[in-house]
Structures are given as C-alpha cells and as structure tokens.
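Asker: Let me give you the structure first, and then I'll get to my questions.
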Amino acid sequence: SFKEKQYTLTFETDGNGTLVAKQGETALVSPAAVKGGAQVTLTATPNEGFKIKGWLVNGLTDFGKGQESEVEIEV
C-alpha cells in the first residue's frame with residue numbers, strides 16, 4: 001500500500017513579531033505534521049519599530065528575498 005510521506009514543519013520568530021503558517025485556510029501550530037507536496041504560506045508581522053530581516057528555510061538565508069512579509073513553500 002502507498003503511504004503519503006509526512007514532514008515536521010517547525011517555525012518561530014526571534015520574539016519581535018509574529019509568524020503565522022497556514023495550509024490553505026487552516027492555521028498550523030509549530031511543530032506541525034504536513035504531507036509531502038503540500039503548500040504552506042508563512043506570514044510574518046514585525047512589531048512596531050521592527051522590520052523583517054529575512055527568511056531562513058532549511059539553512060538558506062536568502063529564501064523569500066529578504067523583507068517580504070509572506071512566502072509560500074512546498075513541503
């Protein structure tokens with residue numbers, strides 16, 4: 001039988017804002033079990049006086065091209 005592969009998605013901020021992850025309209029809580037191939041949207045909202053420095057995904061610091069407040073990834 002075929003079993004879909006699942007991955008654990010872990011996400012966090014440095015404490016100077018919020019980070020929300022959604023799969024479709026469903027909000028995810030870190031760590032979240034996500035099926036392989038799923039699309040997840042990450043939305044960062046910095047606290048007043050702060051800016052988004054960038055995104056770090058799987059060790060890639062340039063993912064999301066810096067200060068974008070929303071990125072979509074495929075798990």
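The values are calculated or read from the model by the stated rules, or taken from the named source; none is laboratory data. What you see is a predicted model, and the numbers here were worked out from it, not measured in a lab. Neighbour counts are summed over all protein chains in view; Cβ atoms, including those assigned to glycine, are modelled from backbone coordinates with ideal geometry.
Asker: Can you find, within region 29-54, the residue that is surrounded by the fewest Cβ atoms within 10 Å (Cβ to Cβ) among those that are aliphatic (A, V, I, L, M) and in a strand (DSSP E or B)?
Answerer: Once the filter is applied, the top-ranked residue is 33.
Asker: Give all pairs with beta carbons closer than 7 Å in which a residue from region 41-62 that is among the basic types (Lys, Arg) meets a residue that is exposed (fewer than 13 other Cβ atoms within 10 Å of the Cβ); count only pairs at least 6 apart in sequence or on separate chains.
Answerer: Partner pairs satisfying both residue conditions: 51/67.
Asker: Run residue 64 past the list (1) at pLDDT below 90; (2) exposed (fewer than 11 other Cβ atoms within 10 Å of the Cβ) and report the number of the one that doesn't hold.
Answerer: Residue 64 satisfies all of (1) at pLDDT below 90; (2) exposed (fewer than 11 other Cβ atoms within 10 Å of the Cβ) except (2).
Asker: Can you name the residue in region 2-28 that is modelled with pLDDT of 90 or more and basic (Lys, Arg) and is also surrounded by the most Cβ atoms within 10 Å (Cβ to Cβ) among such residues?
Answerer: Only one residue tops the list, namely 22.
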